[in-house]
1. So how many residues does the range 168-199 have that are outside any helix (DSSP H, G or I) and either among the aromatic types (Phe, Trp, Tyr) or touching a Phe, Trp or Tyr at 6+ places or on another chain (Cβ under 8 Å) (or both)?
2. Can you list residue pairs whose Cβ atoms sit under 9 Å apart, with the first residue in the range 201-213 being open to solvent by less than 30 Å² (accessible area, probe 1.4 Å) and the second being part of a helix (DSSP H, G or I) and basic (Lys, Arg)? Count only pairs 6 or more apart in sequence or on different chains.
3. Could you look through the range 84-100, keep only residues that are free of Cβ contacts under 8 Å to residues at least 40 places away in the same chain and open to solvent by 50 Å² or more (accessible area, probe 1.4 Å), and pick out the one that is farthest from Met151 (Cα to Cα)?
4. For the range 121-146, what are the residues that are within 27 Å of Tyr48 (Cβ to Cβ) and within 17 Å of the chain's Cα centre (by Cα)?
5. Looking at Glu136, is it open to solvent by 70 Å² or more (accessible area, probe 1.4 Å) and at pLDDT 95 or above?
6. From the list Glu157, Glu136, pick out the single residue that is within 21 Å of Leu43 (Cα to Cα) and out of contact with any strand residue (DSSP E or B) (no Cβ under 6 Å at 6 or more places or on another chain).
7. Which ones in the range 39-67 are under 17 Å from Ile173 (Cβ atoms) and open to solvent by 50 Å² or more (accessible area, probe 1.4 Å)?
8. In the range 29-85, which residues are modelled with pLDDT under 90, over 21 Å from the mean Cα position of the chain (by Cα) and small (Gly, Ala, Ser)?
Amino acid sequence: MTTQSDDSSPNARSHASRQPLRAAMIGLLGIVLVAALGFVVFLSKLRYVESAPERKADGIVVLTGGSSRVSDAMELLAAGYGKRLLISGVHPTIAASDISRSLQESQALFHCCVDLDHSAVNTRSNAAETRRWANERGFKSLIVVTSNYHMPRAIAELSHAMPDIALIPFAVIGDKWRDEPWWTSGATMRLLLSEYAKYVAAELRVRLADLGIDLTFDLSDQPVLAPPRRPATAQAN
């Protein structure tokens, strides 16, 4: 005589109770895999060797926050890659004379052809102030100068703010990137992971904005540098 299985047996109940946990683990694994793949794609967008801009532009904008960004932008201006330079994200307590003193070889060029933006405090406001500056000047193309790890997010924000202006990236490569592979440095790895999270948040926000959904969250930068002893310009990016 055969008996039918009892779905209310302890084994059946135990199996049923594990189903949500298994589904959650599969979902979590999927999220981790997608995030890992996205990080690989993010890394593929980075430049690891400095190279001259592909062409000249009407203007140049440098987003402060990293070493040698401003000096590299001044070199591009001196080489004729743009008519004027905007330094965006200058700390409110830093005067033009402070920056000028740190650029001894470019004094005349600085006083004739450089504009300062003291309003921007993060990459999103960098984009807004750059749009205003470019529109006032009638510029239709810009060379964007920032650190290589910051460039994907900068381009995402700038292209969203100025869809009608051509953007030409010039990625600044820091000394640490030249001296050692990024995966051998814990500090560089943390920087990249942090920047990747900010980039994903920026991409999500601008894509939703294109659909008419305005999100106000911003994982991007907060001002972290007070005026140091030697002239500097930075608000963090």
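1. Within the range 168-199, the subset outside any helix (DSSP H, G or I) is 168-174, 180-181, 185.
Subset that is either among the aromatic types (Phe, Trp, Tyr) or touching a Phe, Trp or Tyr at 6+ places or on another chain (Cβ under 8 Å) (or both): 170, 173.
Number satisfying all stated conditions: 2.
2. Ala201/Arg153; Ala202/Arg124; Ala202/Arg153; Arg205/Arg124
3. The qualifying residue farthest from Met151 (Cα to Cα) is Ser97.
4. Pass one, the range 121-146, residues within 27 Å of Tyr48 (Cβ to Cβ): 122-124, 126-127, 130, 141-146.
Asn122, Thr123, Arg124, Asn126, Ala127, Thr130, Leu142, Ile143, Val144, Val145, Thr146 - these are the residues of the range 121-146 that are within 27 Å of Tyr48 (Cβ to Cβ) and within 17 Å of the chain's Cα centre (by Cα).
5. Considered against the rule, which asks whether it is open to solvent by 70 Å² or more (accessible area, probe 1.4 Å) and at pLDDT 95 or above, Glu136 comes out as yes.
6. Result: Glu157 is the single residue among Glu157, Glu136 that is within 21 Å of Leu43 (Cα to Cα) and out of contact with any strand residue (DSSP E or B) (no Cβ under 6 Å at 6 or more places or on another chain).
7. Across the range 39-67, the qualifying residues are Ser44, Lys45, Arg47, Tyr48, Val49, Glu50, Ser51, Ala52, Glu54, Ser67.
8. Answer for the range 29-85, where residues must be modelled with pLDDT under 90, over 21 Å from the mean Cα position of the chain (by Cα) and small (Gly, Ala, Ser): just Gly30.
The values are calculated or read from the model by the stated rules, or taken from the named source; none is laboratory data. This is a predicted model, so every value here is computed, not measured. Every residue, glycine among them, receives a Cβ derived from its backbone with ideal geometry; neighbour counts consider all protein chains shown. Quick note on the areas: whole protein, heavy atoms, side chains included, nothing else; ligands and nucleic acids left out. Shrake-Rupley method; radii C 1.70, N 1.55, O 1.52, S 1.80 Å.
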